[in-house]
1. Among 161, 131, which is modelled with pLDDT of 95 or more, farther than 18 Å from residue 216 by Cα and of a type outside the set (Lys, Arg)?
2. Mind counting the residues in segment 49-64 that are over 15 Å from residue 32 (Cβ atoms) and surrounded by 13 or more Cβ atoms within 10 Å (Cβ to Cβ)?
3. Taking the condition touching a residue at least 12 places away in the same chain (Cβ under 8 Å), more than 16 Å from residue 183 (Cα to Cα), crowded, with 20+ Cβ neighbours inside 10 Å and in contact with a strand residue (DSSP E or B) (Cβ under 7 Å, 6 or more places away or on another chain), does residue 8 pass?
4. Would you please name the residue that is surrounded by the fewest Cβ atoms within 10 Å (Cβ to Cβ), looking only at residues in segment 138-165 that are assigned to a helix (DSSP H, G or I) and among the acidic types (Asp, Glu)?
5. Do the conditions hold for residue 221, that is, is it closer than 17 Å to residue 264 by Cα, within 14 Å of the chain's Cα centre (by Cα) and not basic (Lys, Arg)?
6. Within segment 115-137, how many residues turn out to be under 15 Å from the mean Cα position of the chain (by Cα) and either in a helix (DSSP H, G or I) or basic (Lys, Arg) (or both)?
Amino acid sequence: MTADATNLLGLDLDGLVAFCQQLGEKRFRAVQLYRWIHQRGVADFALMTDLAKSLRDKLSGVAVVEGLKVLTEQRSSDGTIKWLFDVGQGDAVEAVYIPEDDRATLCISSQAGCAVGCRFCSTGHQGFSRNLRTAEIVAQLWFAEHLLRKERGSDDRVISNVVMMGMGEPLQNYAALVPALKTFLDDHAYGLSRRRVTVSTSGVVPMIERLREDCPVALAVSLHAPTDPLRDQLVPLNKKYPIKELLAACNAYLSAAPRDFITFEYCMLDGVNDSPDQARELVQLVKGKVPCKINLIPFNPFPASGLLRSPRERVTAFADVLLQAGIVTTVRKTRGDDIDAACGQLAGEVQDRTNAPQRMTRAPVHVHRPSRPSH
């Protein structure tokens with residue numbers, strides 16, 4: 001890719017219309033081009049046969065359709081696939097494909113690393129290098145969708161759901177995120193419904209408010225604690241945007257959201273946030289205040305965290321408290337464990353610019369593990 005060529009993967013339809021107008025082309029030409037790129041997965045302008053040759057010639061000098069180089073591909077025994085993509089200068093990001101009976105989900109990264117520094121997240125412990133560009137976000141879906149179609153020998157859509165839950169905090173890369181979301185949703189591109197595109201955030205309150213105005217999709221919020229003191233330890237962003245402000249932003253978001261509830265993610269940490277009393281505190285926090293679903297996530301331990309996975313019986317007991325209070329509760333099934341593709345495990349390769357190892361070597365989280373009966 002020449003330095004001054006525009007990567008068309010980075011333009012939503014409005015952006016591509018404006019780009020084509022600069023070349024003296026009408027809107028319908030931009031729509032044709034957009035379909036060739038996203039619906040058909042074609043990167044070579046010469047193969048876009050119903051575009052005027054004059055337009056193809058113009059494009060070849062000023063534009064490219066350039067995906068990301070795949071460094072590794074790992075396939076799990078359960079059908080999960082994880083790709084490691086090179087984004088240059090020593091950074092690499094991961095995307096994960098998760099097939100299920102009723103859907104197929106692609107988990108997409110938005111940053112090389114993450115600056116939020118949640119205690120239980122492997123990505124956060126790697127530190128932060130940079131925001132991904134729109135083209136690098138879209139390229140993950142573009143690559144996965146068209147690779148999987150080729151493998152199946154079909155033009156039918158494979159990926160039905162996209163979750164911005166890979167590496168990074170999407171709402172801290174807002175300017176690049178929104179055009180990518182618009183491409184995911186556009187009927188001339190991937191045609192995903194707003195209900196099936198989810199942005200996961202650790203709670204960047206002002207950007208939740210902006211997303212409601214600019215491109216409201218499904219929202220998942222990493223809650224992980226029922227009180228501010230504990231959430232301060234687990235999700236440092238809570239010190240800036242405490243739980244009360246976060247829940248107010250969630251309630252306001254629902255006025256424009258495609259679903260009538262917010263999903264709260266809650267990573268189950270042994271002896272940290274998993275007691276029945278904490279489940280009852282969580283009920284008090286949300287019941288009758290925020291329409292929500294709570295997704296309990298088994299923690300995937302890694303050495304730097306100093307944390308352990310809650311035992312299954314404690315997760316079940318915690319879920320029972322929520323369910324008995326009438327709160328919709330699910331326990332996430334772990335997928336891709338054998339290839340480190342499960343929630344919180346995406347690490348990629350990050351040239352950290354934030355001194356994460358020093359930042360995250362701080363006072364340990366208070367842990368109270370009930371003694372277990374000896375057998």
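1. Working: 161 fails: farther than 18 Å from residue 216 by Cα.
That would be 131, the only listed residue that is modelled with pLDDT of 95 or more, farther than 18 Å from residue 216 by Cα and of a type outside the set (Lys, Arg).
2. Taking segment 49-64 and keeping what is over 15 Å from residue 32 (Cβ atoms), we get 57, 60-62, 64.
If we keep only those that are surrounded by 13 or more Cβ atoms within 10 Å (Cβ to Cβ) as well, we get 60, 62, 64.
Selection size over segment 49-64: 3.
3. Values: touching a residue at least 12 places away in the same chain (Cβ under 8 Å): yes; more than 16 Å from residue 183 (Cα to Cα): no; crowded, with 20+ Cβ neighbours inside 10 Å: yes; in contact with a strand residue (DSSP E or B) (Cβ under 7 Å, 6 or more places away or on another chain): yes.
Against the criterion (touching a residue at least 12 places away in the same chain (Cβ under 8 Å), more than 16 Å from residue 183 (Cα to Cα), crowded, with 20+ Cβ neighbours inside 10 Å and in contact with a strand residue (DSSP E or B) (Cβ under 7 Å, 6 or more places away or on another chain)), residue 8 does not qualify.
4. First pass over segment 138-165, keeping only residues assigned to a helix (DSSP H, G or I): 138-152.
Retained after the next criterion (residues that are among the acidic types (Asp, Glu)): 145, 151.
Numbers: 145: 21, 151: 9.
Among those that are assigned to a helix (DSSP H, G or I) and among the acidic types (Asp, Glu), it is 151.
5. Working: closer than 17 Å to residue 264 by Cα: yes; within 14 Å of the chain's Cα centre (by Cα): yes; not basic (Lys, Arg): yes.
Spelling it out, residue 221 is indeed closer than 17 Å to residue 264 by Cα, within 14 Å of the chain's Cα centre (by Cα) and not basic (Lys, Arg).
6. 7
The values are calculated or read from the model by the stated rules, or taken from the named source; none is laboratory data. Keep in mind that this is a model prediction, so the values were computed, not measured. No Cβ is skipped: glycine too gets one built from the backbone with ideal geometry, and neighbour counts run over all protein chains shown.
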